[in-house]
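Have a look at the structure below, then the notes.
The values are calculated or read from the model by the stated rules, or taken from the named source; none is laboratory data. Just so it is clear, the model here is predicted, and its values are computed rather than measured. Note that we place each Cβ from the backbone using ideal geometry, even for glycine, and neighbour counts take in every protein chain shown. For accessibility, only protein heavy atoms count, side chains too; no ligands or nucleic acids. Shrake-Rupley method; radii C 1.70, N 1.55, O 1.52, S 1.80 Å.
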2 protein chains.
Amino acid sequence: MKTLAIAVLAIILQTSAFGQVQNYTQYVNPMIGTQRMGHTYPGATVPFGSVQLSPDTDEQPHNIGGKYNPETYRYCAGYQYDDTTIVGFSHTHFSGTGHSDLGDFLIMPTVGPLQLEPGDKKDPKSGFRSAFSHTTEVAEPDYYKVRLEDDGILAEMTTTTRVGFHQYTFPASDNAHIILDLMHGIYNYEDKNVWTYVRIVNDHTVAGFRQTNGWARTRTVYFAMEFSEPFVSYGYKEFGRQEYRGFWRKFDQNHNFPEMAGKQLRAYFDFKTTANEKVKIKFALSPVSAEGAIANLRSEIPTWDFDLVKRKGQAAWNRELSKIAITADSRDDMVNFYTAMYHTFISPIVYMDTDGRYKGIDQNIHKAAGWTNYTIFSLWDTYRALHPLFNIVQPSRNRDMVRSMMAHHDQSPEHMLPVWSHYANENWCMIGYHATSVVADAIVTGVLTGPEANKALDKAIETAHVGYYDGIGYYEKLGYVPEDKNSTSVSKTLEYAYDDFAIAQAAKKLGRTHVYNEFRKRSQNWRNLYDPSVGFMRPKDSSGNFLPKFDPLKTEGQGFIEGNAWNYSLYVPHDPDAMIAMMGGKQTFAAHLDELFTMHLPDSFFAATEDITRDGIIGGYIHGNEPAHHIAYLYNWTEAPWKTQERIRMILKMQYKATPDGLGGNDDCGQMSAWYILSALGFYPVAPASGQYALGSPAIRTATLHLENGRTLSIRAKDQSERNVYVKNVLINGRRLDRHYLTFRDIANGGSLVFEMVDKPT
Amino acid sequence: MKTLAIAVLAIILQTSAFGQVQNYTQYVNPMIGTQRMGHTYPGATVPFGSVQLSPDTDEQPHNIGGKYNPETYRYCAGYQYDDTTIVGFSHTHFSGTGHSDLGDFLIMPTVGPLQLEPGDKKDPKSGFRSAFSHTTEVAEPDYYKVRLEDDGILAEMTTTTRVGFHQYTFPASDNAHIILDLMHGIYNYEDKNVWTYVRIVNDHTVAGFRQTNGWARTRTVYFAMEFSEPFVSYGYKEFGRQEYRGFWRKFDQNHNFPEMAGKQLRAYFDFKTTANEKVKIKFALSPVSAEGAIANLRSEIPTWDFDLVKRKGQAAWNRELSKIAITADSRDDMVNFYTAMYHTFISPIVYMDTDGRYKGIDQNIHKAAGWTNYTIFSLWDTYRALHPLFNIVQPSRNRDMVRSMMAHHDQSPEHMLPVWSHYANENWCMIGYHATSVVADAIVTGVLTGPEANKALDKAIETAHVGYYDGIGYYEKLGYVPEDKNSTSVSKTLEYAYDDFAIAQAAKKLGRTHVYNEFRKRSQNWRNLYDPSVGFMRPKDSSGNFLPKFDPLKTEGQGFIEGNAWNYSLYVPHDPDAMIAMMGGKQTFAAHLDELFTMHLPDSFFAATEDITRDGIIGGYIHGNEPAHHIAYLYNWTEAPWKTQERIRMILKMQYKATPDGLGGNDDCGQMSAWYILSALGFYPVAPASGQYALGSPAIRTATLHLENGRTLSIRAKDQSERNVYVKNVLINGRRLDRHYLTFRDIANGGSLVFEMVDKPT
């Protein structure tokens, strides 16, 4: 009896540790960002889950007739809200990326004559794709439902970390099918499929793999697929070129033959169904082997109880969402906030089997002992706000993400921390060595400590010294990347300089003075590219001369990437004071920022600039892409911090809406959403690893942060309203704050944080 | 001291167990079979070694302009004796096959300007290939040497089970290279390479894999490559189509960048050499991972002592060769015999890492605990004589080969024993389910016993019941394979019937009467296709009618494969008496055999018949292909066994010569050579699993078989000579034998076997 009492007490304490248990999933709308350029997906996934089981509404090839197909970009997450047909449900999706990959293992239920081509979206009956309507569609955390109109099949799905659970309610049919399309993919090149393999394990289980050469150059995903009932028959068709390969044509190997392999396969499984019969499928993934996928399947979903799995998945979401419990002025604010939370807790994803084994970037199998391996590191985006947010509300996971990066370093041929890494591959997307910032922020915040912190710092230092990588050799020699040797050189120089600051901060924290001095010095390199004659950062050649032609509005060929001189020149997050001084002092600088936020951009700008649309722009300020994310906070370093407060509220309002088209740009694996969450709470890490969080203007009424250290930070925006966007005072535990930033300790120590909101600048 | 004395004694006993230690490797000439159609290779390998490191003299694509290139066939083993250039040295080769694959990881040393194309064989200086001459060439067991004339480089190679050891003696050069060609292969289709991957591990070590879609549909070989000195620089070129794939072109990744991947790569490593400097390479293979290859490399060759590795490899060969110690009339006879021994001990090959891990046919990684996993099962060939020979002189290995087949069954999607299997793939080449014969022979001979024997029999039975495989369903229903449903139906029916006999024999041995009865009955199915009106076996349709057109000389379209009705109709090895009775009795049958051995074949025959050349033919008897291998022994069942003796000696003399062109047909993974060994010893297993070995005419003077059970069988051909080919008497342990066969016990019990040879039939 005593034992029971203690157990009950423990449960109560555990529950109370997260405050009153509320249903935060009700505020999540996975449809937000699925229209236009948010590039999110509406399907089912658990927090940081390996499986993202989601409908794909079209299949756009990357190239048509050897030329890039611009439609591809819209389908980075497989789903576009304006579409009226669904091709099927695939198991892997990036959330919010601006380039893509994945879309593995498309499943589609059909009845009637077998169709193995997806067909035309204007005539869905021409293939296995089906018409659908948003009126029958339900998208919740870890649950997605839709009626497939063509054949009258109700599709439902939920997931665990490694297993997708499908439930299809069929009409009566002697000719029902489940199609397993191994050709389907996102950003599909003609020969993206390197190899696919399917093995019939028994009369209701299938396993195999898909190997691709896409954004990830050498990628294999293994799967296991278990049906709730035996299939009546099965087979496949090879849609690729099949030359003579030995003796594979000797007898019928396309029908009821238990091994299938090739580059372009679509398999099918036949059933006989009664009216309203539910055919269920558990579909597990593994980075290691088909055997691993089978083990994942059996250990994560031992039953056929769909509702139980759904309930558990939604409970897991609620646990994560309740880490920040807010109240706000409107339901839309609640929806924006918790959908942002949802989007920040989607990736990086768990990337290992239940036994800890995973594929390393050396293509060998490794085992994570005592930690969780993650993949999908979109670091040029996520070092800014997502990982700093994790250090506040997900420190254990972020520690394991850093460990994953450390393992990546050890296993990578280059001995570098990741740049943009997914599924045991480095895709080298974008610039910088921002994993160093993530490592440094973890060290500076105390999330990573002891010998492990020193090892992580060593790997950061080694990364920053890889001379052949993207101009680092020149950067080390000249103090900047010369545009004639390596393009987009200004962006690289500025970001390397910030990353060097981050390394210096970590070294300082760990008492490694020599390293601190070296990287503190390197972090000054941004100074080498400022041209006072034009008032912008500007590319130099390797002789030290500024390139003659220069247009601060343009990006292409101007020394920048995904941002022009207007935005990028402000990228000295680690030393705004020095930057402002160099740019003419506080007053001049504030006027310069004002001009940025109010300027009118010509139409030609949008035509020529990659990854930026009108949606994400305020004046000349580009919120839809990351290099500007800190800019609105820079007013804090002038005499007019109130302008930060005003701009932040304006950005929150204009760039985030509780509608499918509500995101002003790609969510970028949660970076845009993390910006929202932190800004809505009233602070933002302008320079991660600085230990400082610039104050803004909170958009919530109250927020309670339930920290892993057991403490609670209660935030209150007193007199909050749409007009009261200015902060008169900030009180920490009742004491007035006389600075424009919080420290990590201010947050992590918990307590009370009160913003006194007023309707005029003070 | 006592312990030492015992140890010394143990060594002496161990040595004496194999008789006097002689150098049998001196009689091995790996060049035999390298000219014309023997399809053997001259390079280095240890007994049953995973690595076959051998020169490839040309690289013939399988297709040219979409059409089959007939030159391909000559290069099944990569080397043709008449060629005058070497492209390089690759690590995997089949021995004697009539279809091919492999040729992985070609290494070529060069000096001077880097050439990454092999160039024209008529102008070897046009590429990295080199002229060579047989005068500088040395081919010994586990050692190959040649001078590469173009650049004056001496190439030497030796191996361990899993590691190739290269030693290149360079001239002085500032510009020396080792090329690692990942495009090269044997039976190379344009898109045979599915993927290749190379990782620089450190300044002198490289690892990765090659994945192909060839005869093996889904095949990956991993490698690790260690140089004896650091490379100065390195790089690669992609020869395949390389579309945009993310960000791989952002900075120079073709030179000194430590990761390479693609479908058509050639990598190179640069060195500076002094005159006569030896650059050595250890090149390990693994079926599991690059990590596994590195572990294999380190455990098998811890030093850089080339001569030590060579000595060990040759000592291993000598141990295997001395299992049958013979004396013979001439050095040529010795060379023929020991080269045949050499060729029988090449494959199946060990297929697992040193830790026992291997890739199963389910594409998962498995571990062989307490046994050795083998691959390369050319069973249509080797069930006849090779595996029966192994049951005599390699029972432990053969037991493990059967275990490998059992694992194959368990892991195969079809739950079948292998048909023609290599490298975790079933290529379904040729016909039958002859693994059942290998299993049965192992059971009947007592090589496989107890519960394991019963399990093996279960798997054989299951295999024989797989209805969708190659006409088995019809065979079970109709008692024969109908030609209108499944071509080459007579060959299949006859071979299934024999395989069924083998299963019955194993069942009998294990006391499983029900199984015995079932398969004994099935084994009579050969009777269903004999047409007394023509005196041959002949195809029927599914209604039970013989097909109207029939030509007993032709193969194509006549119901046969790789053999015509003249040869194939005699394929009832398990019941010659019944077959002879059906064909008209002993006298008629003997005359029929005489006609076969003396008939004249028209030229048109050779043009139309696959895999058979004039070399392998005596009259209409086709020794160059397997279906006829038992035929000469069938005279034993007539009144004229002396004709068996005469024919056997004629075949031994005509079909096996101690010259590069000495083999009358493909050696077929040792089957042709096993026929030689057994026939030269005086007996042959007409029906494996019968426990009987038909007597022939021994071609040796004396032979001592050192059996694993510790016993010794001493064979003496008394009065042996070229004229004394007839056997007057056979004495076992001094007792006259009154039958025309030996039993397995006669052999395995050891003792004395004397053939009294005379110059006239008796």
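Pull out a ≥ b ≥ c, the square roots of the eigenvalues of the alpha-carbon gyration tensor of the stretch A:202-311, then state rounded if a/c is under 1.5, prolate if not and a/b is larger than b/c, and oblate in the remaining case. Since a/c reaches 1.5 but b/c is at least a/b, the shape of the stretch A:202-311 is classed as oblate.
Per-residue Karplus couplings for the stretch B:738-754, computed as 6.51 cos²θ - 1.76 cosθ + 1.60 with θ equal to phi - 60°, are listed in order as 10, 9, 9, 8, 9, 9, 4, 5, 3, 7, 6, 6, x, x, 10, 10, 10 Hz, Gly and Pro entered as x. For the stretch A:422-439, a decrease in accessible area of 50 Å² or greater in the assembled protein chains relative to the isolated chain, with a 1.4 Å probe, applies to A:Trp428. Share of the stretch B:644-762's accessible area from carbon and sulfur, percent, 1.4 Å? Carbon and sulfur together cover 45 percent of it.
With 26 Å as the limit, the listed pairs A:Lys121/A:Lys250; B:Lys459/B:Lys509; A:Lys263/A:Lys310; B:Lys521/B:Lys586; B:Lys125/B:Lys237; A:Lys485/A:Lys509 have A:Lys121/A:Lys250; A:Lys263/A:Lys310; A:Lys485/A:Lys509 beyond it between alpha carbons. For the stretch A:382-473, the share of accessible area belonging to carbon and sulfur comes to 51 percent (1.4 Å probe, ligands and nucleic acids excluded).
Comparing the full protein assembly with the isolated chain, the residues of the stretch A:249-284 losing at least 10 square angstrom of accessible surface (1.4 Å probe) are A:Lys250, A:Phe251, A:Asn256, A:Phe257, A:Pro258, A:Glu259, A:Ala261, A:Lys263. Per residue, the solvent-accessible area of the stretch B:597-739 (1.4 Å probe, heavy atoms of protein chains only, all protein chains present) comes to 35 Å². Solvent-accessible area per residue in the stretch B:383-537 equals 26 Å², computed with a 1.4 angstrom probe and all protein chains kept. Using a simple spin-label model with pseudo-atoms 7 Å out from Cα toward Cβ, A:His514 and B:Lys125 lie 5.5 nm apart. Here B:Ile64 sits with roughly 100 square angstrom of accessible surface, probe radius 1.4 Å. Close amide H partners of A:Asp531, meaning residues 5 or more places away or on another chain with modelled amide H under 5 Å apart, are A:Phe536, A:Met537, A:Arg538. Over the Cα atoms of the stretch A:147-233, the radius of gyration divided by the Kirkwood radius equals 1.00; this is the Rg/Rh ratio.
Across the accessible surface of the stretch A:26-177, with the other protein chains kept in place and a 1.4 Å probe, carbon and sulfur atoms take up 50 percent.
Nearest 5 percent is fine: what portion of the DSSP beta bridges confined to the stretch A:621-762 is antiparallel? If we restrict to bridges inside the stretch A:621-762, about 75 percent are antiparallel.
Averaged per residue, the stretch A:214-373 has 34 square angstrom of accessible surface, using a 1.4 angstrom probe with ligands and nucleic acids left out. When only Cα pairs below 8 angstrom with a gap of at least 6 residues are kept, the stretch A:657-762 shows a relative contact order of 25 percent. Over what distance in Å are the Cα centres of the stretch B:542-581 and the stretch B:224-240 separated? Cα centres, the stretch B:542-581 to the stretch B:224-240: 56 Å.
Each part reduced to its alpha carbon centroid, the stretch A:323-363 and the stretch A:701-762 end up 24 Å apart.
Here the 3J(HN,Hα) profile of the stretch A:85-99, calculated from phi with Karplus coefficients 6.51, -1.76 and 1.60 at θ = phi - 60°, is 10, 10, 7, x, 10, 10, 9, 9, 8, 6, 9, x, 6, x, 9 Hz, Gly and Pro shown as x.
With contacts taken as Cα pairs under 8 Å and at least 6 residues apart, the stretch B:598-704 reaches a relative contact order of 22 percent. Label point of B:Gln587 (7 Å along Cα→beta-carbon): distances to the other copies' equivalent points are 13.3 nm, sorted ascending.
Under 1.5 on a/c is rounded, so check that first for the protein assembly as shown, then, if it is not, pick prolate when a/b is larger than b/c and oblate when it is not; a ≥ b ≥ c are the square roots of the alpha carbon gyration tensor eigenvalues. Intermediate values should be presented prior to the final figure.
On the way: a/c = 2.53, a/b = 1.93, b/c = 1.32.
Taking the square roots of the gyration eigenvalues as a ≥ b ≥ c, the protein assembly as shown is prolate.
Note on the stretch B:22-80 and the stretch B:160-187: Cα centroid distance 18 Å, given to the nearest whole angstrom.
Report the A-B buried area as the accessible area lost on both sides summed, probe 1.4 Å, in Å² to the nearest 100.
Chains A and B together bury roughly 5400 Å² of accessible area.
Taken one residue at a time, the phi angles of the stretch B:169-181 give Karplus couplings (6.51, -1.76, 1.60, θ = phi - 60°) of 9, 8, x, 5, 7, 7, 9, 9, 9, 10, 8, 10, 9 Hz. Gly and Pro are set to x.
Mean sequence separation of contacting Cα pairs (under 8 Å, at least six apart), scaled by the length of chain A, corresponds to a relative contact order of 12 percent.
The same position B:His134 in the other copies lies at 8.0 nm from this copy, comparing label points 7 Å beyond Cα toward the beta-carbon, shortest first. Measuring from each Cβ of chain A to the axis that turns chain A onto chain B, the shortest distance belongs to A:Val194, 3 (residue, then whole Å). Ranked from shortest, the separations from the 7 Å Cα-to-Cβ label point of B:Asp410 to its equivalents in the other copies are 3.2 nm. Is it possible to state the helix-based mean residue ellipticity at 222 nm for the protein assembly as shown, with each DSSP H run of 4+ residues giving -39500 (n - 2.57), the sum divided by total residues, to the nearest 500 deg cm²/dmol? What is it? Value at 222 nm, helices only: -8500 deg cm²/dmol. Using only the Cα atoms of the stretch B:95-147, build the gyration tensor, take square roots of its eigenvalues as a ≥ b ≥ c, and label the shape rounded, prolate or oblate: rounded if a/c is under 1.5, else prolate if a/b is larger than b/c, else oblate. The shape class here is oblate. Among the residues of the stretch B:209-238, which ones have their accessible area go down by 50 Å² or more when all the protein chains sit together, as opposed to their chain alone (1.4 Å probe)? Buried-area filter returns B:Asn213, B:Arg217, B:Thr218.
The label-point distance for B:Lys367 and B:His465, in a model that sets each label 7 Å from Cα toward Cβ, rounds to 3.3 nm.
Using a probe of 1.4 Å, the accessible surface attributed to B:Lys586 totals some 90 Å² when neighbouring protein chains are kept in position.
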